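A.B. asks: Dumping the structure here so I can ask a few things about it.
The values are calculated or read from the model by the stated rules, or taken from the named source; none is laboratory data. Just so we're clear, the structure is a prediction, and the values are computed from it rather than from any experiment. Reconstructed Cβ throughout: ideal geometry from the backbone, glycine too, with neighbour counts over all protein chains shown.
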Amino acid sequence: MVRAALSSDLWALSFNVLGHNDVAYDRESAVAHVLARQREGDRLEFRQVQVNELAGWDGAAQIGPVQFALHRGQATFQLDGKGAVYCGGSVAGVKVLGLGDQGK
């Protein structure tokens, strides 16, 4: 399911939580990172997204703000960010997504 949500043309997936920044720069690295975090107990809950442009210069929909909740142990962090998503075709999925807890 993780792989299906990420474009084969993924540029970057970034999580900044408690001052620690994890970045994956291709689809397979991003899948491995997300699955590793799931094995450690992390759970992402989608909360909201705003679509700013349906077809940007590269054909991807520009999104942001995007909001997720990260559940890690007994703690919950609000992650805000922005990104781009290909909505169809052979590269459908998240192209780039950056999320962070804003130092909270």
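A.B. asks: Can you tell me which residues in the range 45-104 are within 19 Å of Asp9 (Cβ to Cβ), of a type in the set (Phe, Trp, Tyr) and modelled with pLDDT of 90 or more?
C.D. replies: Tyr86
A.B. asks: I would also like to ask the following. Going through the range 1-11 one residue at a time, which ones are exposed (fewer than 15 other Cβ atoms within 10 Å of the Cβ), outside any helix (DSSP H, G or I) and either in contact with a Phe, Trp or Tyr (Cβ under 8 Å, 6 or more places away or on another chain) or in contact (Cβ under 8 Å) with a residue 40 or more places away in the chain (or both)?
C.D. replies: Listed by number, the list holds a single entry, Ser8.
A.B. asks: Among the residues of the range 12-32, write down those that are surrounded by fewer than 17 Cβ atoms within 10 Å (Cβ to Cβ) and touching an Asp or Glu at 6+ places or on another chain (Cβ under 8 Å).
C.D. replies: Keep residues of the range 12-32 that are surrounded by fewer than 17 Cβ atoms within 10 Å (Cβ to Cβ), which gives 12, 18-23, 25-26, 28-29, 32.
Result: Leu18, single match.
A.B. asks: Can you name every residue in the range 29-69 that is touching a Pro at 6+ places or on another chain (Cβ under 9 Å) and not hydrophobic (A, V, I, L, M, F, W, C)? Reasoning before the result, please.
C.D. replies: Applying the first criterion (touching a Pro at 6+ places or on another chain (Cβ under 9 Å)) to the range 29-69 yields 48-50.
Across the range 29-69, the qualifying residues are Gln48, Gln50.
A.B. asks: Tell me, which residue of the range 33-60 that is hydrophobic (A, V, I, L, M, F, W, C) and loosely packed, with under 15 Cβ neighbours inside 10 Å is farthest from Ala84 (Cα to Cα)?
C.D. replies: For the range 33-60, the residue satisfying everything is Ala36.
A.B. asks: Moving on to the next point. Quick one: what pairs do we get from the range 18-37, first residue touching a residue at least 40 places away in the same chain (Cβ under 8 Å), second loosely packed, with under 12 Cβ neighbours inside 10 Å, C-beta under 8 Å, 6+ apart or different chains?
C.D. replies: Correct list of pairs: Gly19/Gly103.
A.B. asks: Is it the case that some residue within the range 46-56 is aromatic (Phe, Trp, Tyr), touching a Phe, Trp or Tyr at 6+ places or on another chain (Cβ under 9 Å) and within 14 Å of Val96 (Cα to Cα)? Break it down stepwise before answering.
C.D. replies: To start, the set of residues in the range 46-56 that are aromatic (Phe, Trp, Tyr) comprises 46.
Next cut, touching a Phe, Trp or Tyr at 6+ places or on another chain (Cβ under 9 Å) only: 46.
Restricting the remaining residues to those that are within 14 Å of Val96 (Cα to Cα) gives none.
Within the range 46-56, not a single residue is aromatic (Phe, Trp, Tyr), touching a Phe, Trp or Tyr at 6+ places or on another chain (Cβ under 9 Å) and within 14 Å of Val96 (Cα to Cα).
A.B. asks: Ok, one more. Answer yes if at least one residue in the range 87-101 is surrounded by fewer than 18 Cβ atoms within 10 Å (Cβ to Cβ), touching a residue at least 60 places away in the same chain (Cβ under 8 Å) and either part of a helix (DSSP H, G or I) or of a type in the set (D, E, K, R) (or both), and no otherwise.
C.D. replies: yes
A.B. asks: If you take the residues in the range 36-66 that are aliphatic (A, V, I, L, M) and not in a loop (DSSP other than H, G, I, E, B), which one is farthest from Lys95 (Cα to Cα)?
C.D. replies: We begin by selecting, within the range 36-66, every residue aliphatic (A, V, I, L, M); these are 36, 44, 49, 51, 54-55, 60-61, 63, 66.
Checking the rest, the ones that are also not in a loop (DSSP other than H, G, I, E, B) come to 36, 44, 49, 51, 61, 63, 66.
Details: Ala36: 20, Leu44: 18, Val49: 15, Val51: 14, Ala61: 9, Ile63: 11, Val66: 14 Å.
So, considering only residues that are aliphatic (A, V, I, L, M) and not in a loop (DSSP other than H, G, I, E, B), the one farthest from Lys95 (Cα to Cα) is Ala36.
A.B. asks: I've got another one for you. Quick check on Gly83: is it assigned to a strand (DSSP E or B) and surrounded by 12 or more Cβ atoms within 10 Å (Cβ to Cβ)?
C.D. replies: Details: assigned to a strand (DSSP E or B): yes; surrounded by 12 or more Cβ atoms within 10 Å (Cβ to Cβ): yes.
Yes; evaluated as a whole, the condition is true for this residue.
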